[in-house]
Amino acid sequence: MKKIGIMTTGGDCSGLNSAIYHIICGANKRGWQTYGILNGTDGLVAKTPQIVRLTRDVLPPEQAYIAGSILRNGNTGQDNNFERAVQTGRVQQFTNQLKKALAATKLDAIILIGGNGSLSLAWKTRNIYSDMQLVCIPKTIDMDIPLTDRTIGFDTAVSQLTRFCDDLMLTARSHHRWFVVQSMGRKCGMLALTAGVAAGASAILIPEIKFDVDKLIRHIKTADTDYGIIMVSEGISLRGHSGEPATMISRKLTAAGIANRTAFPEHIQRAGNTTPDDRILAARMADAALNAIANNETYVMTALHGDDIVTVGLDAVSSAGRPERDPNIDGLTISNATVDDDNPLLVAANNMNIYIGETK
Ligand code: F6P
């Protein structure tokens, strides 16, 4: 009998509870026990370690499709955490404390459901997990984790953002105006691109593709419509301007005589009932994570490659993609997946006369 711990870390997204639910079910079938570590690593080093036994009664299927995480995602505001340890030069003590706290749980394995910051941090501080197996499941609305075709939460975020745009499109039509919608996604434009195409946006600006504001304005002015959506990913920048990207673009449009408003869906993109696609991905990733534990794998991430779920090493994940300094933990480099120039959706968007910037 194995004891499996589950942690959700980093920003939340819809699909976390689905993954937890399926891990509980799959572990139960194997005769293993599951435990939830509350609040990520914050919970482990809290005065009383926050660890609870998980059963199907704790998370029944009718609650597993709800967004957020029943285990919460950390950021409890307590002083004893990674950010503070880095700031005060106490990283070694902090990691030792975490290792000790983990040893006390007597877990055989940890399934960490996290984004690229959490995965990079887990690899960098891998000694913490050296006495047990560490298997990660990729989740994020940003779709910026390298070496997997999909992350849990992305499909639901696309659905949320698309619905937001669908609603705006109707009022845009009534008022003959444009809405500049700012999506989340950090340095990756995949969410903006996917929801933009789904919503019928007339232009989509993403951080990976340079754009020309004058060409955007010409595109809107010569469009065969006087209303619509201009999707702007939060990671874009406009030389010589500062502030929210949607506001910068909106000002340029206004100056060119184009009636427009800005709209910010914000954290609604991380909410919403988990879509069936995300639930299925969560089930397959949970199954793959349990198989990886049964096969004695460690320091791996489950990943979708085409139709298959495989495992890839955390070392490979951490060194793939575009490196970036972590905004929260000084000295940590995280690896980002980005939208390639030849991404089929980008090519199709261009062919559908959506302005996506200056592609080759
Ligand atoms: O990484 C997920 C994400 O939602 C990004 O898209 C966004 O930039 C960021 O987190 C927002 O973080 P916070 O919830 O801390 O404002």
Output for segment 76-146: trypsin sites (Lys or Arg not before Pro) sitting in coil per DSSP, at most 12 other Cβ within 10 Å, listed by number, reads LYS106
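Using per-residue counts of other Cβ atoms within 10 Å, averaged over each peptide, order 203-212, 302-311, 289-298 from highest down.
Listed from highest to lowest mean packing, they are 203-212, 289-298, 302-311.
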Only helices counted: for the chain, with every DSSP H run of 4 or more residues adding -39500 (n - 2.57) and the sum spread over all residues, [θ] at 222 nm is -11500 deg cm²/dmol
Expressed in angstrom and rounded, the centroid-to-centroid distance over alpha carbons for segment 61-129 and segment 170-208 is 34 Å
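What number comes out for accessible area per residue over segment 133-207 if the probe is 1.4 Å? Units Å², please. Spell out each step's value before the answer.
Details: 2090 Å² over 75 residues.
For segment 133-207, the solvent-accessible area averages 28 Å² per residue.
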By the mean-Cβ-within-10 Å protection proxy, highest first, 16-22, 280-286 rank as 16-22, 280-286
Regression test value, accessible area per residue of segment 214-282, probe 1.4 Å, units Å², expected 53 Å²
Listed by chain and number, the residues whose amide H is under 5 Å from that of ASN336, excluding neighbours fewer than 5 places away on the same chain and using placed H, are ARG322, GLU324
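Need one number: % antiparallel among DSSP beta bridges in the chain, to the nearest 5.
Antiparallel bridges: around 30 percent, rounded to the nearest 5.
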Regression test value, accessible area per residue of segment 1-48, probe 1.4 Å, units Å², expected 33 Å²
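Round to a whole number: what % of the accessible area of segment 212-340 belongs to carbon and sulfur, probe 1.4 Å?
With neighbouring chains kept in place, the figure for segment 212-340 is 45 percent.
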Given backbone amide H placed at 1.01 Å from N, residues whose amide H is under 5 Å from that of ARG261, ignoring those fewer than 5 places away on the same chain, are TRP178, PHE179, VAL180
So the carbon and sulfur contribution to the accessible area of segment 31-121, 1.4 Å probe, in percent, is 49 percent
Restricting to aspartates and glutamates and to Cα separations under 16 Å from LYS106, and discarding same-chain partners fewer than 8 apart, the set is ASP131
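The values are calculated or read from the model by the stated rules, or taken from the named source; none is laboratory data. Since we're looking at a predicted model, the values are computed, not measured. Backbone-built Cβ (ideal geometry, glycine too); neighbour counts: all protein chains shown. Protein only, heavy atoms only, side chains kept; ligands, DNA and RNA dropped before computing areas. Shrake-Rupley method; radii C 1.70, N 1.55, O 1.52, S 1.80 Å.
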